[in-house]
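Comments concern the structure below.
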Amino acid sequence: QVQLVESGGGLVQVGGSLRLSCAASGRTFGSYSLLGWFRQAPGKEREFVAAIYWSGGTTYYADSVKGRFTASRDNAENIVYLQMNTLKPEDTAIYYCAIRIVYGSNWRSPAEYGYWGQGTQVTVSS
């Protein structure tokens with residue numbers, strides 16, 4: 001099995017930047033295909049943020065973060081990153097990384113992912 005650990009969250013001002021990291025242990029990301037970033041604000045459903053294919057690095061983004069967030073990977077260090085720029089108050093949430101384990105019809109759905117990390121809190125002040 002694989003264990004994912006998110007880090008890099010914190011408190012930032014509107015317009016600021018953070019880079020989140022998702023590190024894998026137990027197994028490498030190479031054992032899997034699609035890695036997703038999700039976020040969840042209090043009282044709201046967990047929502048898709050971004051995804052990246054480990055093998056080729058192809059990325060996908062939610063409309064709400066497109067142009068501001070960038071997912072990337074470091075094969076050597078077995079880490080996936082989420083660079084978050086021009087942060088907005090609505091970006092405030094706990095951010096999670098996870099691996100797609102159910103190949104259903106909606107790869108943006110958190111229901112198709114597993115091996116969730118514990119999350120890292122991102123708070124954008126306003």
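Below is a table of values for the structure above.
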read-out	value
Long-range neighbours under 9 Å by Cβ, at least six apart or interchain, first residue assigned to a loop (DSSP other than H, G, I, E, B) within the range 90-104, second among the β-branched types (Val, Ile, Thr)	THR92/VAL122; THR92/THR123; THR92/VAL124
Within the range 90-126, tally of residues that are open to solvent by less than 60 Å² (accessible area, probe 1.4 Å), small (Gly, Ala, Ser) and either within 12 Å of the chain's Cα centre (by Cα) or more than 23 Å from SER31 (Cβ to Cβ) (or both)	5
Subset of the range 63-89 [without any contact (Cβ under 8 Å) to a residue 40 or more places away in the chain and among the hydrophobic types (A, V, I, L, M, F, W, C)]	VAL65, PHE69, ALA71, ALA76
In the range 26-52, residue nearest to GLN118 (Cα to Cα) [restricted to those that are open to solvent by 50 Å² or more (accessible area, probe 1.4 Å) and part of a strand (DSSP E or B)]	GLN40
Checklist (1) among the small types (Gly, Ala, Ser); (2) in contact with a Leu (Cβ under 9 Å, 6 or more places away or on another chain); (3) without any contact (Cβ under 8 Å) to a residue 40 or more places away in the chain applied to ALA23, failing item	(3)
Total residues in the range 53-80, condition in a strand (DSSP E or B) and either open to solvent by 30 Å² or more (accessible area, probe 1.4 Å) or aliphatic (A, V, I, L, M) (or both)	11
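The values are calculated or read from the model by the stated rules, or taken from the named source; none is laboratory data. Predicted model, so just to flag it, every value in this text is computed and none were measured. Ideal geometry is used to build each Cβ from the backbone, glycine not excepted, and the neighbour counts take in all protein chains shown. For the accessible areas, the whole protein counts, side chains as well, though only heavy atoms, and no ligand, DNA or RNA atoms are used. Shrake-Rupley method; radii C 1.70, N 1.55, O 1.52, S 1.80 Å.
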